[in-house]
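A short write-up of the structure that comes next.
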Amino acid sequence: MPRYVHFEHYVDDAQKTIDFYQKVFDWKLEKFGDMPYWLVTSGPEGEPGIDGGISQSEPPNGQRVVNTIGVEDIDATVERARKAGAKVVAEKMPIVGMGWVAYLVDPSGIVFGLFSMDEHAGM
């Protein structure tokens, strides 16, 4: 059964947000590539919870917090979601060396991400 595997906070001032979460929760943040994106480690591996990211870029469909669900087959899941009433707001794209991601909006207007592992994505 697919579960939430990642969260993203889309912010205007990444450093201010990074400083806040480090001071309040002691989260670890690490810059990811050349993008305005920081990976968040929100707790020890093996404990309940998910890690995520902070992005200083335009949020998908204007939503500032996006939760991403891990799926085995992103294409099939996007198609099932479309048939169930979702709309795609960002088509499938690679995260080089990690996998594929797409963003959709459900019939209630909530944006969510889909992620499928594939170490050959974008190569």
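The values are calculated or read from the model by the stated rules, or taken from the named source; none is laboratory data. Since the structure is predicted, the reported quantities are computational estimates derived from the model, not experimental observations. Don't worry about glycine lacking a Cβ; one is built from the backbone with ideal geometry, like all the others, and counts go over all protein chains shown. Ligands, DNA and RNA are excluded from the accessible area calculation, which covers all protein heavy atoms including side chains. Shrake-Rupley method; radii C 1.70, N 1.55, O 1.52, S 1.80 Å.
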Worksheet item: Which order do 39, 29, 104 take when ranked by solvent-accessible area (1.4 Å probe, heavy atoms of all protein chains), largest first?
Response: 39, 29, 104
Fill in: Given charges at Cβ of Lys, Arg, Asp, Glu: the chain dipole, positive-most of 89, 50, 68
89
Practice prompt. May I ask you to give the percent of accessible area on the chain that is carbon plus sulfur, with a probe radius of 1.4 Å?
Written response: 54 percent
Practice prompt. Could you pull out the GluC sites (Glu not before Pro) across the range 39-123 that fall in loop regions by DSSP (anything but H, G, I, E, B) with no more than 14 other Cβ atoms inside 10 Å?
Written response: 45, 72, 119
Worksheet, complete the sentence: Counting only protein heavy atoms and rolling a 1.4 Å probe, one gets per residue an accessible area for the chain in Å² of 64 Å²
Discussion item. For the chain, take N as its residue count and report Rg(C-alpha) divided by 2.2 N^0.38 Å.
Written reply: 1.07
Item to complete: Mind jotting down the three principal axis lengths of the range 61-123 based on Cα atoms? Whole angstrom, largest first.
Response: 34, 25, 16
Response to the item:
On the formula 1/(1 + (r/R0)^6), with r taken between the Cβ atoms of residue 22 and residue 119 and R0 of 35 Å, the FRET efficiency rounded to 0.05 is 0.75
Worksheet, complete the sentence: So, relative contact order of the chain in percent, Cα under 8 Å, 6 or more apart, is 24 percent
Response to the item:
Most fluctuating of 75, 19, 34 in the GNM of the chain (C-alpha, under 10 Å) is 34
Worksheet item: Can you count the Lys pairs in the chain with C-alpha separation below 27 Å, eight or more apart or on different chains?
Response: 5
